[in-house]
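Novice: Would you mind keeping the following structure in view while I ask a few things?
The values are calculated or read from the model by the stated rules, or taken from the named source; none is laboratory data. If you're wondering where the values come from, they're calculated on a predicted model, not measured in any experiment. Cβ placement follows ideal geometry from the backbone for every residue including glycine, while neighbour counts extend to all protein chains displayed.
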Amino acid sequence: MVNLLNPEKVISEIPLKEEMSVADFGCGSGGWVIPLAKRRKDVKIYAIDVLKEALSALKANVEMEKVYNIRTILADVEKGTGIADNFLDLVFMTNIFFKLKIRKN
């Protein structure tokens with residue numbers, strides 16, 4: 001599969017500030033959160049996915065890359081994440097739209 005976006009390049013363009021709170025909805029195995037965590041160790045990162053297997057792979061990648069500012073959350077983002085409203089400074093949703101259910105009125 002061809003990568004359409006380069007996470008490192010995109011993240012390098014974002015003006016991240018100390019102590020920001022960032023989430024990746026549909027984080028998978030960490031393609032976005034790992035580069036983010038490596039770039040800014042002072043940013044709090046919430047990695048959210050509906051699949052236990054994805055979060056398990058992410059946890060292994062976190063250990064391998066030695067980045068520890070990532071908190072994993074098992075949740076369906078359509079039903080809620082458990083993160084308070086207006087808490088996050090930045091949200092990534094790079095690969096979840098194919099999973100969303102389209103509701104007809």
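Novice: Identify all residues within segment 72-88 that are in contact with a Ser or Thr (Cβ under 8 Å, 6 or more places away or on another chain) and in a loop (DSSP other than H, G, I, E, B); write none if there are none.
Specialist: ALA75, PHE87, LEU88
Novice: Looking at segment 64-85, which of the residues that are polar (S, T, N, Q) and closer than 17 Å to TRP32 by Cα is farthest from the chain's Cα centre (by Cα)?
Specialist: ASN69
Novice: Would you point out the residue of segment 22-71, among those that are assigned to a strand (DSSP E or B) and not aliphatic (A, V, I, L, M), that is surrounded by the most Cβ atoms within 10 Å (Cβ to Cβ)?
Specialist: Only one residue fits best here, namely ASP24.
Novice: Is it the case that segment 24-39 has a residue that's among the β-branched types (Val, Ile, Thr) and over 15 Å from ASP89 (Cα atoms)?
Specialist: Yes, some residue in segment 24-39 is among the β-branched types (Val, Ile, Thr) and over 15 Å from ASP89 (Cα atoms).
Novice: Would you confirm whether or not segment 40-51 contains a residue that is touching a residue at least 40 places away in the same chain (Cβ under 8 Å) and of a type outside the set (Phe, Trp, Tyr)?
Specialist: Yes, segment 40-51 contains a residue that is touching a residue at least 40 places away in the same chain (Cβ under 8 Å) and of a type outside the set (Phe, Trp, Tyr).
Novice: Next up: If I ask for residues that are modelled with pLDDT of 90 or more and buried (at least 16 other Cβ atoms within 10 Å of the Cβ), which ones from segment 91-105 would you list?
Specialist: Answer for segment 91-105, where residues must be modelled with pLDDT of 90 or more and buried (at least 16 other Cβ atoms within 10 Å of the Cβ): just PHE92.
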